[in-house]
Amino acid sequence: MSMGVLAAAIAVGLAALGASVGNGMVISRTIEGMARQPEYRGVLQTTMFIGVGLIEAIPIMAVVIAFIALFR
């Protein structure tokens, strides 16, 4: 296994770890907000989905960058 493969695996793994922590924080804060203000459930949920989508874009970009670095 070359060093490039190892570096790509570490980069993708760290991006996935960061995204999972970020998603956990966003979802937990959304649930907390819904518990405090149930009438804002729809607004909070919509904002949460947008935030989770943006957070999930980071590991996808990391995978693309890793593939570019591997096959270069």
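Hey, what number do you get for the chain at 222 nm if only DSSP H runs of n ≥ 4 count, each worth -39500 (n - 2.57), divided across all residues, to the nearest 500?
-32500 deg cm²/dmol
Per q in 0.18, 0.26 1/Å, what log10 I(q)/I(0) does a Debye calculation on the alpha-carbon atoms of the chain return?
Cα-only, vacuum Debye calculation for the chain: -0.70, -1.04.
Helix 41-70 versus the longest principal axis of the chain: what angle, 0 to 90°, nearest 10, using Cα atoms?
With both axes taken from Cα atoms, the answer is about 0 degrees.
Leaving out ligands, DNA and RNA, and with a 1.4 Å probe, what % of the accessible surface on the chain is carbon or sulfur?
Roughly 75 percent, rounded to a whole number.
Take Arg72, project a point 7 Å from its Cα along the Cβ direction, then tell me which residues of segment 1-34 have their backbone nitrogen under 16 Å from it.
Of the residues in segment 1-34, 3-12 have backbone N under 16 Å from the label point off Arg72.
In percent, how large is the relative contact order of the chain, given Cα pairs closer than 8 Å and 6 or more residues apart?
Value for the chain: 55 percent.
Any idea of the accessible area per residue across the chain, 1.4 Å probe, to the nearest Å²? Write out the running numbers ahead of the final one.
Details: 5370 Å² over 72 residues.
It amounts to 75 Å² per residue over the chain.
Pull out the extension gain between Leu54 and Ile31, defined as 0.36 nm times the separation in residues minus the alpha carbon to alpha carbon distance; nm, one decimal.
Net length gain for the segment: 6.4 nm.
The values are calculated or read from the model by the stated rules, or taken from the named source; none is laboratory data. As the structure is a computational prediction, the values presented were derived from the model and not from experiment. Reconstructed Cβ throughout: ideal geometry from the backbone, glycine too, with neighbour counts over all protein chains shown. Surface accessibility is based on the protein's heavy atoms, side chains included, excluding ligands, DNA and RNA. Shrake-Rupley method; radii C 1.70, N 1.55, O 1.52, S 1.80 Å.
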